[in-house]
Amino acid sequence: MYFGNSTFLWAFMLLAIPIIVHLVRLRKLKIIKFSSFKFLRKTAEQGAKPKKLLRYLILASRCFAFSCLIFAFAMPSCNQQYVKASKTIVGIYFDNSLSMAGLESDPLVFSKHKEHVRKIIRNLSQSAEIKLITQSSFGGASNSLSVSQAEEALDRVKPSNLSQPMSVLLKRLIFSMDKESGATKDIYIVSDFQKGSLGHLKGLDIKGKNVHAFYTPLQNMKNLSIDTAWIKSPVLLKGEPVTIEFSVQNNSNEDANNIPIKLVNKNVQLGMVSLSIPAKSKRSSSFMVAYKSGFEDLYISLNDNGFSFDNVLFVNPGEAPVMKIKHVGVPNKYVTQVLVNQDVFKPVNQDADRMVCAECSRIEFTQRIVPFVQEGGVALVSLSSENTGSEMAQFLGVKELKLRTGTFSISNKSLTHPFFGAVFKSNPENMSLPPVFSYYSTGGNTGYAEPILSLNNGDAFFMKINKGKGQLYLVIAPMNRTSSSWVESSLFLPTLTQALLPSAGSVAVYGLLSETSPVGLHVAIENNEKEYLLRGNGSESQASISKGNQGAALHVSQYVHEPGTYEILNKENNRVLDRVALNINRSESETASESREVISAQIPSLNWLRTDSETSEFTSKSVSKTSGGLWRLFIWLAAAFFVIEMVLVL
């Protein structure tokens, strides 16, 4: 057996009082001299024994009655979870996301939800320990707060631009509560239970906890949102057109017709399109603008009568890339002409983004190219007679490389490969392609490689190999006039350019205001956060940078809570290194709440609170419920023993 209020067990010491009283009242019989009546003494002895037994029965009944009362007040239970029930841990999740503020962030609507939380706090025992968590609680739940401290913390809560799944925040709250053992634990949820923002509630570990919720459903409303945006162009080149595609979500039950969508940079409109979106549907469109340095404040916007926070989506593809190219071995004049004639390429001797090795030797390939690619780099290599042995064949995953000479032609079908999607607006037909005079055949088997340009006989001529974290582009012949006319053809420059440029698919157009989702950067920045600042929307804070497989990433700190375009600066010279666009999570754009039935199916023991009057009543009931019903048995036993005592006395 376990006791919720074990301190009441000290009251057993009070049982000594009736025992002492009983002993004090035991007086010796007073002897009175009397004449000799033979049977008088015998009758007295026979009458004293029943009275003595009666006194002991009365004492026992009284002690049992008081013992049962003590047990009742000690809150007995056969469940270990109710140990020390006098200590109460209350976890409160207050959903302060933007949807809880209603349209146009109405302070009256948000204050109404706040009052639900305030009434919960005020109805708690003054000894309760409260843990409060909201959307703006970075890291987890608050430390244990008193009732007055919890009210002060609640006063500071405002609608938050952050939006994390409810299940994530509840797990953090439960984790914080589970650190406290041997206490009554209650969880209160005040939320609109917005669809799309709940997460996986079914997996919550709520064993030993009572979960209650205020249901404040969203009212039916119209709402359009700029849902997402992305870059369509396969490569990004300064001065070249770039297509920014976007989608608009209609979250209401009515069609939206001829909605104007604008693309704006620094308050200058760059374009406008009109969209009609059916109810509960999504439609996409695009803007085409000249790609240039310094999209300082680029965003897509619309106007509607719904939520205002999702009417603007900030986007920023970053600066036009400059790729640092390093030659390995003897520079090739044809490759050099391609690199020199384009501003996007910059020759370097170290810290390269790309490596080029024309007629690569075996040592250069194995010691410099392969490690670079495996670590995530991109390299362009052409074979030489020295590097066509078993090691290269094994690297490609083919049996052997065999020299073939003659006159061969590149297949026109190769130009339909997705690789050339950025080179040709439409698939060229009957294009004259350069002949190939000698190459190293893989015998029709490309092994680990993906053919990009193939010959009419089926052999690969230019291929891509994914190795480790990086990519290798391989020309299966030396890049000179003796081997092929490819190096002097119109196909050579766009093929090499496409291989060496970064893909727009890896460009982060925007990120989210989130504690858990880092934002990919457009430039390589080391993760020394002491060197960088994040500036925007009138605020400035230290930039937290990390480096992963996808490059450098920015971790949004708790000081960044407004959407917009932010600059990453070098502390020493105040130079802008990159710009990132941050937006509010579009899961907050949903205008419907999940039903009680669906939520209850995920949290079966959830108790719903419907009216303000139920708060006080429920709080008092939950305390008695958690202690079990065994205390009632002891109350009845105490009453029974008191009745027995009264009967014996009478």
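The values are calculated or read from the model by the stated rules, or taken from the named source; none is laboratory data. Remember, predicted model here, so these are calculated numbers, not experimental data. Positions of Cβ are backbone-derived with ideal geometry, glycine not excepted, and every protein chain shown enters the neighbour counts. Only protein heavy atoms, including side chains, enter the accessible area calculation; ligands, DNA and RNA are left aside. Shrake-Rupley method; radii C 1.70, N 1.55, O 1.52, S 1.80 Å.
Could you sort out which of K158/K571; K207/K547; K326/K469; K119/K195; K87/K207; K114/K195 sit more than 28 Å apart by Cα distance in this structure?
Where the Cα-Cα span goes over 28 Å, the pairs concerned are K158/K571; K207/K547.
How much accessible area per residue does the range 347-442 have, in Å², with a 1.4 Å probe?
I get 54 Å² per residue for this part.
Once you've got the Cα coordinates, tell me which of K282/K324; K131/K202; K112/K202 are over 32 Å apart.
K282/K324, as the Cα separations exceed 32 Å there.
Taking the mean number of other Cβ atoms within 10 Å as a proxy for protection, how do you rank 299-311, 475-487 from highest to lowest?
Going from most to least packed, we get 475-487, 299-311.
Please state the shape class of the range 371-489: rounded when a/c is under 1.5, otherwise prolate if a/b exceeds b/c and oblate if not, all from the C-alpha gyration tensor.
Taking the square roots of the gyration eigenvalues as a ≥ b ≥ c, the range 371-489 is oblate.
Quickly rank 339-350, 637-648 as a protection proxy: mean count of other C-beta atoms within 10 Å, highest first.
In decreasing order of mean packing, 339-350, 637-648 become 637-648, 339-350.
Once you list every other residue whose beta carbon is under 14 Å from the beta carbon of I226, what net charge do they have if Lys and Arg are +1 and Asp and Glu are -1?
-1
I need the shape label for the range 239-315. Rule: rounded when a/c is under 1.5, else prolate if a/b > b/c, else oblate, with a, b, c from the alpha carbon gyration tensor.
Here the range 239-315 falls in the prolate category.
Of the lysine pairs in the range 344-447, how many meet both conditions: Cα atoms under 29 Å apart, and a spacing of 8 or more in sequence or different chains?
The number of close lysine pairs in the range 344-447 is 4.
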